[in-house]
Amino acid sequence: MNTSTAKPPELSNSPVAAGKKVYIETYGCQMNVADSELVSRILAEAGHQIIEAPDKAEVILLNTCAVREHAEERVIGRASQLYGLRNRTPNLTIGILGCMAQHLAKSLPQRAPFVDLVMGPDSYRRLPQILADTAEETLLDLRLSRDENYVGIDPVRKVGTNAWVTIIRGCDKFCTFCIVPYVRGRERSVDSGEILRLVGNIAREGSREVTLLGQTVNSYEDGHMDFAELLRAVSAVGGIERVRFTSPYPRDFTAATIEAMAALPQVCPALHLPVQSGSNAQLEAMQRGYSIEQYRTLVKQLRRAIPNLALTTDIIVGFCGETEEDFQATLSLMKEIRYDSAFMFKYSERDGTYAHKKMPDDICEEVKKDRLQQVIKLQEQISYEVNQQMRGKIVEVLVEGPSKRQTKTGPNNYGRSPQGKVVVFPQQAAPNTFVQVQIDKTTSHTLFGDLVQV
Ligand code: 5AD
């Protein structure tokens with residue numbers, strides 16, 4: 001198979017050779033999940049059929065993530081495994097979408113030569129046209145856009161309790177470790193009118209919860225509304241009873257956003273506030289734009305304004321130049337803040353980032369591994385203790401459905417508390433309704449209890 005950059009076709013509304021069965025598999029963050037929902041709509045509108053399993057698919061699309069290393073290895077492994085289905089479906093088309101497509105465009109055709117098309121996150125409107133082309137070469141379409149916000153496309157959502165709504169795309173922060181600005185392009189906010197149109201449709205379809213999404217979600221500004229104003233407008237949409245958002249950038253948190261969170265009963269008391277490190281030297285090296293003192297002050301303001309706020313975070317260990325002292329500062333910060341939970345990562349160098357170009361990846365794998373184990377162990381303990389304080393309390397749960405956790409007494413249902421914690425209970429309850437659950441048992445990840453009438 002030759003590799004060439006095909007001239008991208010013009011935006012087309014006239015699908016050709018439509019009607020294929022398409023299977024989409026999604027990796028990475030919630031924004032990717034939301035993007036796959038967009039792709040589903042674009043393909044469905046063009047007459048294709050989205051199916052839930054790969055075996056009968058004529059087109060398999062992997063929507064990928066490039067933020068950390070192992071994600072890429074997994075996707076390439078999975079793509080070659082799915083390629084085996086070509087025995088059954090000789091015309092099988094395999095496509096790589098999303099951030100990894102953008103990132104690995106040059107090497108992918110060598111690493112995975114059976115891949116037919118590679119498209120970055122701003123190219124999805126052109127997918128129907130590209131699928132209609134029967135090219136011999138791998139088709140690459142990786143142009144990043146300054147304004148593609150997929151306005152007018154309602155994502156295909158599985159009706160459930162929560163719906164994702166992307167409100168801002170791309171990122172302009174350029175943290176030194178992070179690949180996102182290079183694979184998702186410049187920051188741009190979706191027009192607030194479009195967001196409210198989507199949220200209104202979501203409410204009509206029956207979802208009671210929306211999660212507003214963006215790489216730096218609280219940097220939202222469309223010329224009419226800032227993030228605090230958007231929170232108020234979204235909360236005012238009839239039928240929407242819970243509003244969440246992820247992920248905010250600490251430096252862009254405003255007093256107005258804290259006020260809106262405190263004042264609006266719809267906005268859940270749950271916040272994912274990535275800190276990355278407890279050391280000012282590391283924050284400086286990462287170019288995060290805040291100090292630990294500023295972060296700590298923000299957390300104090302948030303906790304004062306929003307009682308019962310659940311706080312979660314992201315932590316990177318082993319970033320360039322991280323000394324034992326820097327690492328100890330991260331452990332101390334975790335003990336001080338006592339996050340409800342955390343995503344914890346070993347630093348992995350990403351091609352093209354500032355750190356890749358200018359900063360040696362000088363912490364050896366052994367030390368990275370050891371530090372990661374230490375933060376995980378500490379956080380497990382803290383999460384366990386924080387959740388234990390919930391014993392005896394009654395929490396409002398939005399029911400999602402049957403739980404995978406079976407107990408001796410039989411099947412269970414589950415849902416989420418306002419804090420975003422998974423709550424498991426044995427009684428029957430209809431999905432998408434609110435119930436009250438009295439918690440009697442907890443682990444570091446889950447709360448267990450029984451329905452009560454209040
Ligand atoms: N190495 C390790 N972790 C990373 N993250 C982003 N880039 C890297 C990297 N190069 C983590 C950060 C971010 C989360 C989404 O992924 O903690 O907040």
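The values are calculated or read from the model by the stated rules, or taken from the named source; none is laboratory data. Predicted model only: the values in this text are computed from it and were never measured. So basically every Cβ, Gly included, is an ideal-geometry build from the backbone, and we count neighbours across all protein chains shown. Surface areas here come from the heavy atoms of the whole protein model, side chains and all, with no ligands, DNA or RNA. Shrake-Rupley method; radii C 1.70, N 1.55, O 1.52, S 1.80 Å.
Scanning the range 361-404 for residues that are of a type in the set (Ser, Thr, Tyr) and assigned to a helix (DSSP H, G or I) yields Ser383, Tyr384. When Ala270, Ala285, Ala263 are checked against the criterion of being within 16 Å of the ligand (Cβ to nearest atom), aliphatic (A, V, I, L, M), out of contact with any helix residue (DSSP H, G or I) (no Cβ under 7 Å at 6 or more places or on another chain) and open to solvent by 20 Å² or more (accessible area, probe 1.4 Å), a single residue qualifies: Ala285.
Yes/no per residue for (1) touching a Cys at 6+ places or on another chain (Cβ under 6 Å); (2) under 21 Å from Met261 (Cα atoms); (3) buried (at least 18 other Cβ atoms within 10 Å of the Cβ):
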| site | (1), (2), (3) |
| --- | --- |
| Cys171 | no, no, yes |
| Asn201 | no, no, no |
| Glu209 | no, yes, yes |
| Val234 | no, yes, yes |
| Pro248 | no, yes, yes |
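Among residues of the range 405-427 being part of a strand (DSSP E or B) and among the polar types (S, T, N, Q), the one that is surrounded by the most Cβ atoms within 10 Å (Cβ to Cβ) is Asn413.
The criterion of being of a type in the set (Gly, Ala, Ser), touching a residue at least 24 places away in the same chain (Cβ under 8 Å) and touching a Lys or Arg at 6+ places or on another chain (Cβ under 9 Å) holds for Ser348.
Comparison of Gln419, Gln374, Gln388 shows that the only residue that is farther than 24 Å from Pro274 by Cβ, of a type in the set (S, T, N, Q) and either modelled with pLDDT of 95 or more or in contact with a helix residue (DSSP H, G or I) (Cβ under 9 Å, 6 or more places away or on another chain) (or both) is Gln388. Can you name the residue in the range 332-345 that is away from the ligand (no atom under 16 Å from the Cβ), assigned to a helix (DSSP H, G or I) and not small (Gly, Ala, Ser) and, of all such residues, is nearest to Gln381 (Cα to Cα)? The selected residue is Lys335.
Between Lys404, Lys441, Lys421, Lys369, the distinction of being in the same structural domain as Ile306 (by TED's automatic domain parsing) and basic (Lys, Arg) belongs to Lys369 only. Note on the range 301-331: among residues that are over 19 Å from Pro250 (Cα atoms) and of a type in the set (Gly, Ala, Ser), the one that is least open to solvent (accessible area, probe 1.4 Å) is Gly318. Screening Ala430 against (1) out of contact with any strand residue (DSSP E or B) (no Cβ under 6 Å at 6 or more places or on another chain); (2) part of a strand (DSSP E or B); (3) small (Gly, Ala, Ser) leaves a single unmet condition, (2). Counting the residues of the range 100-140 that are in a helix (DSSP H, G or I) and either open to solvent by less than 10 Å² (accessible area, probe 1.4 Å) or closer than 23 Å to Gly19 by Cα (or both) gives 12.
Residues of the range 39-86 that are within 16 Å of the ligand (Cβ to nearest atom) and assigned to a helix (DSSP H, G or I): Glu69, His70, Ala71, Glu72, Glu73, Arg74. So which residues in the range 239-256 are among the hydroxyl-bearing types (Ser, Thr, Tyr) and under 17 Å from Val165 (Cβ atoms)? Scanning the range 239-256 gives Thr246, Ser247. For His356, the conditions (1) within 14 Å of the ligand (Cβ to nearest atom); (2) in a helix (DSSP H, G or I); (3) more than 25 Å from Phe174 (Cα to Cα) are fulfilled apart from (3). Report yes if Tyr295 is in a loop (DSSP other than H, G, I, E, B), in contact (Cβ under 8 Å) with a residue 40 or more places away in the chain, within 16 Å of the ligand (Cβ to nearest atom) and not assigned by TED's automatic domain parsing to the domain that holds Pro418, otherwise no. No: the conditions fail for Tyr295.
Looking only at the range 177-188, filter to residues that are over 14 Å from Tyr220 (Cβ atoms) and more than 9 Å from the ligand (Cβ to nearest atom); which one of those is surrounded by the fewest Cβ atoms within 10 Å (Cβ to Cβ)? Looking at the filtered set, the residue picked out is Arg186. Residue count for the range 25-60, restricted to those that are of a type in the set (A, V, I, L, M) and within 25 Å of Ser247 (Cβ to Cβ): 5.
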